[in-house]
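One structure is given here, and the rest of the page talks about it.
Only the coordinates and a few stated rules stand behind these numbers; no lab work does. All values derive from a computational prediction rather than experimental measurement. Note: ideal-geometry Cβ built from the backbone for every residue, glycine included; neighbour counts use all protein chains shown.
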Amino acid sequence: MSSDIIAAISSVIGDVPRPVALHEPLFAGNENAYVKSCIDEGWVSSVGAFVNRFEKDLAAFCGAPRAVVVVNGTCAIHAALMVLGVQHGDEVIIPALTFVATANAVVHAGAVPHFVDVEETSLGMDPQALLAHLERVASRQGGQTVNKLTGRPIRALMPVHIFGHPCRLEELAAIAREWNLVVVEDATEALGSTQDGRAVGSRHTAVFSFNGNKMVTTGGGGAVTTHDEELYQRLKHLTTTAKQSHQWAFLHDQVGYNYRMPNLNAALGVAQLEQAPRFLAAKRALAAAYMRAFEGMKGVRILPTPPDTESNYWLVSLLADQADPAWLDTTLQALHDAGLQCRPIWQPLHLLPMYREHPRGDLTRTELLARRLISLPSSVKLGLPMIGG
């Protein structure tokens with residue numbers, strides 16, 4: 001089957017020189033001009049016009065009133081959890097099938113990751129599995145939800161839009177309301193994705209990443225979007241060392257964090273965001289081409305966007321019908337030997353040494369899916385010829 005997969009990928013990407021990266025940035029707009037202006041004017045750190053401009057542009061793009069940009073997505077999650085009231089010793093429910101930064105940020109906030117299973121359709125958190133797990137291990141005590149097995153409060157729920165595919169967010173949010181959990185939407189991979197016609201990040205406090213492998217990049221960067229003006233002000237304060245406004249004095253009223261995005265990075269982000277509609281069109285055209293190429297191939301299929309959603313297809317992924325570690329390793333080796341830098345999905349978090357003893361539900365589907373998925377070369381530039389870019 002490996003030769004068929006290589007042939008299908010090659011039919012889509014054509015004669016692009018090998019090796020072909022999994023995902024690489026594209027700088028084809030005003031990036032040079034905007035970054036040069038920062039250097040020429042001397043505004044290169046966290047104070048500068050592009051920081052405020054990027055926040056404004058990003059909020060508008062995501063359909064949220066406010067955005068705060070920070071140095072990376074992990075810091076964005078950490079800051080969001082803190083201002084939403086997650087405290088030391090709390091538990092935060094997250095999917096076990098996500099990038100390790102999701103769990104790491106929970107730990108940075110002093111809390112405990114609590115893992116639940118995912119669904120095959122979106123790879124996101126499974127609402128039925130979540131509800132069944134809560135009914136089994138949690139109880140409501142004095143207005144909060146408590147894990148009966150650990151005695152710790154369960155404070156928050158953090159769904160993740162894996163590979164840009166929107167999860168069943170509103171069903172999950174309804175469960176969160178029922179169990180008095182705050183919601184943090186991990187949209188670090190999903191900028192530009194939509195659900196029921198609305199952009200991800202437009203309904204709840206959400207976090208984004210602009211790492212170098214994302215569709216829109218600032219080199220390293222992240223953001224939190226929110227509808228809550230008070231939460232926005234607290235985010236701004238916390239992420240700028242909790243410094244109080246004063247003409248010259250250094251006055252700080254709490255332990256803060258030096259998370260503010262530098263102006264250089266924000267300049268890059270402004271230029272990238274200007275091209276986001278074209279980037280999205282290219283990504284979706286590439287995904288459609290992969291679907292055509294793999295149509296009818298036995299044993300594998302391209303993971304489509306879930307119903308009533310439109311993915312940004314950050315990573316286009318191939319899903320095998322059966323879980324087979326030997327197939328996964330053999331196929332990945334053949335792809336790399338052919339100059340195609342494909343990869344498996346992340347190791348499920350509960351199997352990593354630092355998280356093996358953490359609370360969790362039944363993660364059978366997570367473990368099976370981890371042995372069935374291969375992400376294909378998904379750079380924006382591969383799809384541009386398909387839209388005349």
Which of Val160, Val20, Val200 has the fewest Cβ neighbours within 10 Å, and the rest in rising order | Val20, Val160, Val200
Candidates Glu310, Glu274, Glu357; GNM for the chain (alpha-carbon contacts under 10 Å) flags as most fluctuating Glu357
Grab every C-alpha pair in the chain, bin the distances at 10 angstrom width from 0 up to the longest one, and report whole percents.
-> 5, 23, 31, 25, 12, 3, 0
Which of the peptides 319-332, 374-387, 338-351, 114-127 is most tightly packed, and how do the rest follow, going by the mean number of other Cβ atoms within 10 Å of each residue?
-> 114-127, 374-387, 338-351, 319-332
Leading residue at positive end of dipole, the chain (Cβ point charges), from Thr150, Phe115, Gly220 = Gly220
Sorting Leu134, Val207, Gln247 by the position of each Cα along the dipole of the chain (Lys, Arg +1; Asp, Glu -1; all at Cβ), the one nearest the positive end of that ordering is Gln247
Aspartates and glutamates within cross-link reach of Lys283: Cα-Cα under 15 Å, excluding same-chain residues under 8 positions apart?
-> Glu24, Glu189, Glu310
Tell me, how many Å apart are the Cα centres for the stretch 206-251 and for the stretch 35-51?
-> 17 Å
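Charges only on Cβ, +1 for Lys and Arg, -1 for Asp and Glu: so what's the dipole of the stretch 175-325 about the Cα centre, in debye to the nearest 20?
On the way: 14 positive and 15 negative charges, 89 e Å.
Charge dipole of the stretch 175-325: 420 debye, to the nearest 20.
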With +1 on each Lys and Arg Cβ and -1 on each Asp and Glu Cβ, and nothing else charged, work out how big the dipole of the chain is about its Cα centre, in Debye to the nearest 20.
-> 360 debye
Specify the residue with the greatest mean-square fluctuation among Thr366, Thr240, Thr188, computed from a Gaussian network of the chain linking alpha-carbon atoms under 10 Å apart.
-> Thr240
Gain in length, Ala326 to Leu149, computed as 0.36 nm per residue apart minus the alpha-carbon separation, to one decimal in nm?
-> 60.0 nm
Separation of the Ala249 and Ile39 label points, Cα + 7 Å toward Cβ, nm = 4.0 nm
For the chain, what is the mean residue ellipticity at 222 nm derived from helices alone (per DSSP H run of n ≥ 4: -39500 (n - 2.57); sum divided by total residues; nearest 500 deg cm²/dmol)?
-> -11000 deg cm²/dmol
Given the pairs Lys56/Lys243; Lys56/Lys381; Lys148/Lys214; Lys148/Lys243, which span a C-alpha to C-alpha distance of over 30 angstrom in this model?
-> Lys148/Lys214; Lys148/Lys243
In debye to the nearest 20, how big a dipole does the stretch 1-152 give about its Cα centre with +1 on each Lys and Arg Cβ and -1 on each Asp and Glu Cβ?
-> 540 debye
